[in-house]
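Notes to accompany the following structure.
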Amino acid sequence: METSGESSREMESQKWRFFPLLPVLASFLLLYVKFPFKQSQNACSLHPHSHYWITSKQIVTPQRVISGAVEIKDGKIISLVSEDKWHGNQFGQIIDFGEAVVMPGLIDVHVHLDDPGRTEWEGFPSGTTAAAAGGITTLIDMPLNSDPSTVSVETLNLKIKAAENNIFVDVGFWGGLVPENAFNATALEDFLSAGVLGLKSFMCPSGIDDFPMTNISHIKEGLSVLSKYRRPLLVHAEIPQEVADHPDTKDSVDNVRSYSTYLKTRPSSWEEAAVRELLTVTKDTRVGGAAEGAHLHVVHLSDAGSSLNLIKEAKTRGDSISVETCPHYLAFSAEEIPDGDTRFKCAPPIRDAANREKLWEALLDGDIDMLSSDHSPTDPELKLLEHGDFLKAWGGISSLQFVLPVTWSFGRKYGVTLEQLSSWWSERPAILAGQDLKGAIAVGKYADIVAWEPESEFHVNAAYPTYMKHPSISAYMGRGLSGKVLATFVRGNLVYKEGKHASGACGQTILAK
């Protein structure tokens, strides 16, 4: 039987045998605390480090495309070095994208996320995850088709509340200019002070009951107020005109299933009439004019003829005016739209192939300033895909995730460069939305970045992970595209990587100050 004395001596012996290991154990613990083998996951990011480098052979900067590295710390870009200076700066975590393009994250200034009120159409969670998967780091949400429309401080607050903890990329908001508020300068000033980045109006019926159309008097008043805040007015520029050869569709099922029938109901003269009226007030935005400081932006231009020429002339006269078009006008033409395929219905409509060529020419020449998606989803039932009635189906192209590969895929034959993509999708949209810290890979800017493979091809079909709420209504289903997005960073957070999203909806709402 072991005595208590023997037991005590044995324990003392064990203790002293263990003692030489203490320094090793202490060093191990210190190393673990300072440099943990596996850091705890940040719900906002798939890369749990606040200080790291991104390297690539193709980094698109405001000056040129370089081979080198971008240093990111606490959500911002703190240094940018070329490859020849990089070798002595390998510090900390490195994400190497090899030959893939590293470009500023896309800024889409024209999306309808339908939240709150019509989340069965889209919604902030589904819309922003699709954006992240498409390399889009910032969305500016239109004041319709949410319910209610965003036309006041109260309805803006509903929008902000709906976005809280529900957005995976940054989201800002345009406010609505409607007859109800257009002549109330105090209401508009309160609206702008509450944080909307600018205003949006329609010169034709919008299709949404609480977002009625405006006339040129409303627009003039809106520009007057906006001049004090130096923010833009975005306008859907179509004014309905009498159509002499409007088709009789009462007794012809085939007629309403033909895209040409719909195209005839919205000719380019509608756009031209609207632009002509707009130019009667944009002269006030010139230096020394009554609305100097305001800016007018024509959204989703479809007509590359008279409408575009009028805008070009206004620019040469000094009017503060810009214009966007959309990938679907650059990718498709009226002649190729199948009978009954209402996925292609939008307003203004997709026009003929000759017009498409002129749009590309204007974009490449700089006469069209930027691109946007005009992502406008809906409940699939409203597209009437089974009936194929172009006149009754809800309009709008659902495209959010694919705008980068679509622009690249269809633009390659025109010699589109990476610098042009960055200008159309990042730099110029950032200026329009007043986002000085976005839109470029440059020191001091937010680390909003997309990495993508220009040569990587994929087929958009039912098996492809689209991350869109209603992929069946997208006009890009069935298309082969080039330009696969590998990773998307928002303010330094890796929110999307090769099919996986960060678990936390950590995007920020953007309010003007």
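The values are calculated or read from the model by the stated rules, or taken from the named source; none is laboratory data. Quantities reported herein were computed from a predicted structural model and do not represent experimental measurements. So basically every Cβ, Gly included, is an ideal-geometry build from the backbone, and we count neighbours across all protein chains shown. Note: accessible area is taken over every heavy atom of the protein model, side chains too, but ligands, DNA and RNA are not part of it. Shrake-Rupley method; radii C 1.70, N 1.55, O 1.52, S 1.80 Å.
From the list 356, 266, 343, which one is over 25 Å from the mean Cα position of the chain (by Cα) and open to solvent by 20 Å² or more (accessible area, probe 1.4 Å)? So that I can check it myself, show each step before the final result.
Working: 356 fails: over 25 Å from the mean Cα position of the chain (by Cα); 343 fails: over 25 Å from the mean Cα position of the chain (by Cα).
One residue alone meets the criteria, 266.
Hey, any hits in region 418-435 for a residue that's among the acidic types (Asp, Glu), in a loop (DSSP other than H, G, I, E, B) and either in contact with a His (Cβ under 7 Å, 6 or more places away or on another chain) or surrounded by fewer than 18 Cβ atoms within 10 Å (Cβ to Cβ) (or both)?
Quick first cut of region 418-435, residues among the acidic types (Asp, Glu) only: 419, 427.
Within this subset, residues satisfying the condition of being in a loop (DSSP other than H, G, I, E, B) are none.
No, region 418-435 has no match at all.
Can you name the residue in region 282-303 that is among the hydrophobic types (A, V, I, L, M, F, W, C), out of contact with any His (no Cβ under 9 Å at 6 or more places or on another chain) and open to solvent by less than 10 Å² (accessible area, probe 1.4 Å) and, of all such residues, is nearest to residue 350 (Cα to Cα)?
Kept after step one, since they are among the hydrophobic types (A, V, I, L, M, F, W, C), are these residues of region 282-303: 287, 290-291, 294, 296, 298-299, 301.
Add one more test, that the residue is out of contact with any His (no Cβ under 9 Å at 6 or more places or on another chain), and what stays is 287, 290-291, 294, 296, 301.
Okay, now just the ones that are also open to solvent by less than 10 Å² (accessible area, probe 1.4 Å), so 291, 294, 296, 301.
Working: 291: 33, 294: 30, 296: 23, 301: 10 Å.
Top of the filtered list is 301.
Total residues in region 110-160 satisfying the condition of being in contact (Cβ under 8 Å) with a residue 40 or more places away in the chain and in a helix (DSSP H, G or I): the figure is 15.
Given the criterion in contact (Cβ under 8 Å) with a residue 40 or more places away in the chain, open to solvent by less than 30 Å² (accessible area, probe 1.4 Å), over 15 Å from residue 472 (Cβ atoms) and β-branched (Val, Ile, Thr), identify the matching residue among 397, 350.
Numbers: 397 fails: over 15 Å from residue 472 (Cβ atoms).
Sole residue among the options that is in contact (Cβ under 8 Å) with a residue 40 or more places away in the chain, open to solvent by less than 30 Å² (accessible area, probe 1.4 Å), over 15 Å from residue 472 (Cβ atoms) and β-branched (Val, Ile, Thr): 350.
Residues in region 162-183 that are among the hydrophobic types (A, V, I, L, M, F, W, C) and assigned to a loop (DSSP other than H, G, I, E, B): 167, 168, 169, 174, 177, 178, 183. Taking region 190-202 as the range and being touching a Ser or Thr at 6+ places or on another chain (Cβ under 7 Å) and open to solvent by 10 Å² or more (accessible area, probe 1.4 Å) as the test, only 202 passes. Scanning region 224-242 for residues that are open to solvent by 50 Å² or more (accessible area, probe 1.4 Å) and closer than 20 Å to residue 300 by Cβ turns up 240, 241. Only one of the numbered conditions (1) in contact (Cβ under 8 Å) with a residue 40 or more places away in the chain; (2) among the charged types (D, E, K, R); (3) open to solvent by 20 Å² or more (accessible area, probe 1.4 Å) is violated by residue 365, and that is (1).
Within region 444-457, being more than 23 Å from residue 170 (Cα to Cα) and either open to solvent by 60 Å² or more (accessible area, probe 1.4 Å) or touching a residue at least 40 places away in the same chain (Cβ under 8 Å) (or both) holds for 453, 454, 455, 457.
Taken over region 459-513, the criterion of being out of contact with any strand residue (DSSP E or B) (no Cβ under 7 Å at 6 or more places or on another chain), free of Cβ contacts under 8 Å to residues at least 24 places away in the same chain and at positive phi is satisfied by 478 alone. Against the conditions (1) surrounded by fewer than 19 Cβ atoms within 10 Å (Cβ to Cβ); (2) modelled with pLDDT of 95 or more, residue 245 satisfies every one except (2). Can you confirm whether region 88-106 contains a residue that is without any contact (Cβ under 8 Å) to a residue 12 or more places away in the chain, over 22 Å from residue 47 (Cα atoms), open to solvent by 50 Å² or more (accessible area, probe 1.4 Å) and in a helix (DSSP H, G or I)? Yes: region 88-106 contains one or more residues that are without any contact (Cβ under 8 Å) to a residue 12 or more places away in the chain, over 22 Å from residue 47 (Cα atoms), open to solvent by 50 Å² or more (accessible area, probe 1.4 Å) and in a helix (DSSP H, G or I). Within region 306-340, the set of residues being open to solvent by less than 20 Å² (accessible area, probe 1.4 Å), farther than 16 Å from residue 280 by Cβ and either among the basic types (Lys, Arg) or out of contact with any His (no Cβ under 8 Å at 6 or more places or on another chain) (or both) comprises 308, 327, 328, 330, 331, 332, 333, 334, 337. Within the set 488, 466, 407, the sole residue that is modelled with pLDDT under 95 and open to solvent by less than 20 Å² (accessible area, probe 1.4 Å) turns out to be 466.
State whether one or more residues within region 128-135 are open to solvent by 10 Å² or more (accessible area, probe 1.4 Å) and more than 19 Å from residue 194 (Cβ to Cβ). Scanning region 128-135, I find at least one residue that is open to solvent by 10 Å² or more (accessible area, probe 1.4 Å) and more than 19 Å from residue 194 (Cβ to Cβ), so the answer is yes. Restricting attention to region 203-223, which residues are of a type outside the set (Gly, Ala, Ser), under 27 Å from residue 509 (Cα atoms) and either touching a Pro at 6+ places or on another chain (Cβ under 8 Å) or open to solvent by 40 Å² or more (accessible area, probe 1.4 Å) (or both)? Result: 209, 210, 211, 212. Against the test of being polar (S, T, N, Q), open to solvent by 50 Å² or more (accessible area, probe 1.4 Å), closer than 30 Å to residue 453 by Cβ and at pLDDT 50 or above, the options 82, 50 yield a single qualifying residue, 50. Here residue 385 passes the criteria (1) among the aliphatic types (A, V, I, L, M); (2) farther than 26 Å from residue 420 by Cα; (3) crowded, with 21+ Cβ neighbours inside 10 Å except the one numbered (3).
Looking across region 493-502, the residues that are open to solvent by 20 Å² or more (accessible area, probe 1.4 Å) and closer than 24 Å to residue 159 by Cβ come down to 493, 501.
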